[in-house]
Amino acid sequence: MAHAFARREAWAFAEAYRRFGNLLYSVALNVLGAPQDAEDCVQDVLLRVWRRPGAFATQRGSVRAFLVVCVRNDAISRARSGARRARLAERAAQYASLDEEPEIDDFVEQRRVREAIAQLPAEQRQALVLAFFQGKTHVQIAQELGQPLGTVKSRISLALRKLGSALSIGAHS
Amino acid sequence: MSEHAGENAELYALGLLDEPEAAAIELHARTCEECTIRLEEASIAVADLCAAEPISPAPKTLESRVLLGAGIAPKRIRHAPHWQAVGAVAAALLLAFIPAWVAVDRTTLARSDDNRAIARLAAGPFDRATFMSPSRQPMDAKVLYGPHGDWYYVVVMHPAPGMHVAYVHGGRMEMLGTVSMHGESGSLYLPINHKMEELALLQGSRVVADARLVY
């Protein structure tokens with residue numbers, strides 16, 4: 001499907017929505033909090049991708065990952081232009097104590113990710129939680145932690161790389 | 001941007017860069033294989049993080065908004081590639097000429113699958129795993145499977161209507177099928193030749209149990 005999607009074939013675009021529509025909508029909803037805003041975000045991003053030749057290149061590999069990042073980045077931009085949401089704080093609280101059992105629907109996925117996050121060194125985990133779950137910028141995180149910006153960027157980068165590696169290994173072991 | 005993305009690749013995937021920085025990375029990655037790979041790895045990790053968050057079904061209207069906005073006519077929605085469409089038409093024509101008494105209903109198909117599963121169970125060794133609830137309590141549901149991971153038979157007592165079985169791997173779930181009801185029990189036979197290490201039972205989009213399979 002990735003090749004057909006890159007060639008902007010209509011069936012591949014429809015298929016991508018069919019496969020990832022719920023995920024993309026949820027990504028937007030989890031950042032924005034409002035269903036209507038999430039719908040607008042997903043629609044705008046997908047149409048932008050569809051109308052721009054070369055937006056997705058097959059070298060990028062995963063259509064899913066590409067679209068998720070596009071939607072999430074757009075949602076974050078929208079959220080930053082508006083008020084900060086209490087929802088982010090609620091979600092961050094879920095990760096404040098990594099020993100508690102998750103009380104969410106997709107507990108299998110959640111558990112896997114939580115276990116991988118728990119394996120990260122404390123300072124990297126802290127930076128990633130602030131960035132992903134609280135939606136803070138690296139500048140805000142640096143200020144909050146009282147650490148140089150470069151250090152915070154490195155911690156976030158390392159955290160995500162280790163997490164990706166751990167989830168990848170976990171999926172194939 | 002002529003320099004490599006470096007750790008900005010992860011910051012980009014997490015949505016931490018401002019628009020000019022993000023645009024520069026996208027531009028650079030188009031001509032840099034190394035940065036494309038790093039960006040892809042970071043994007044997959046972020047997508048996995050996102051997939052572990054609660055998933056909400058998108059409103060029905062969103063699909064038509066997106067597809068019509070893309071200029072894809074409703075009649076083309078859900079169309080597969082041309083060769084698949086040709087195959088579907090051929091299958092429809094074939095079915096049209098099959099006498100009614102030959103046609104099989106869902107129950108018959110499910111029974112046929114059960115028979116195949118029973119034949120597997122009777123013919124050779126098999127392993128089993130119990131589905132566990134989120135609070136780690138064993139449920140009245142098991143998966144019996146070939147020691148080489150070449151078939152799976154999910155059996156559930158008192159299943160709710162429309163219970164699905166999914167394969168959990170790589171931070172995502174792949175729907176495998178729906179449990180067929182037989183009175184107080186339900187089953188699903190999966191002749192899949194692939195070693196699956198984790199299966200989940202879903203009610204709608206909610207995971208109600210999971211089973212870890214050992215080979």
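Taken together, the values in this text are just the output of simple stated rules run on the coordinates, not laboratory data. All figures in this text were calculated on a predicted structure; none of them were measured in a lab.
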Over the Cα atoms of the range B:8-51, each weighted equally, I'd like the Debye log10 I(q)/I(0) at q = 0.17, 0.19, 0.31 Å⁻¹, rounded to two decimals. -0.42, -0.52, -1.09
Summarise the long-distance tail of P(r) for the range B:107-212 by giving the % of C-alpha pairs beyond 25 Å. 12 percent
